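Okay, so here's the structure we're looking at.
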Amino acid sequence: MTRDPSQSTGSAGVPLPSTADQMATEHPDLWAAFQSLGEQASLAGTLDARTRRLVHLALAIASESQGATHSHVRRALSEGLTPEELEHVALLAITTLGWARAMKGLNWVRDITRLR
């Protein structure tokens, strides 16, 4: 499988971060398999697309992954979710993850939502 070198977007047409774009360029078959796994996981259950995006954001915050948080915020915004909804996900983390980790997640969400 070959990847179009001019293609630099992921799902929903959102530009890929440089590391992901480099991986997709250098290992297109691996990248395609990874993308397919994500699509299959999405189709494996009954949650709608909006709910899945919010869950992905919550998991990214909980795993303390700044890159994944940024990615899911960008995709959520491109899919029509509001900054307020995304910030609410971070606030919900307070009682589960603790104040400091939730605020870290909120800051990562705002890294993207406050650019708008």
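No lab work stands behind these numbers, since they all come straight from the coordinates. Predicted model, so just to flag it, every value in this text is computed and none were measured. Note that we place each Cβ from the backbone using ideal geometry, even for glycine, and neighbour counts take in every protein chain shown.
Projected onto the charge dipole of the chain (+1 at Lys/Arg Cβ, -1 at Asp/Glu Cβ, origin at the Cα centre), which of LEU106, THR46, THR25 gives the Cα projection farthest towards the positive end?
Going by the Cα projections, it comes out as LEU106.
Pick the calculated Cα Rg over 2.2 N^0.38 Å for this structure from [x] 1.27; [y] 1.82; [z] 1.11?
Structure-derived value, by its label: [z].
Dipole magnitude of the chain about its Cα centre, charges +1 at Lys/Arg Cβ and -1 at Asp/Glu Cβ only, in debye to the nearest 20? It would help to have the intermediate numbers written out before the result.
Numbers: 11 positive and 12 negative charges, 70 e Å.
For this selection, approximately 340 debye.
Stretched out fully, how many nm does the piece from LEU91 to THR19 gain, at 0.36 nm a residue minus the Cα gap?
Here the segment from LEU91 to THR19 would lengthen by 23.0 nm.
Gain in length, LEU30 to THR51, computed as 0.36 nm per residue apart minus the alpha-carbon separation, to one decimal in nm?
Full extension from LEU30 to THR51 adds 4.8 nm.
Quick one: helix 99-113 against the long Cα principal axis of the chain, what's the angle to the nearest 10°, folded into 0 to 90?
Helix 99-113 and the main axis of the chain meet at about 50 degrees.
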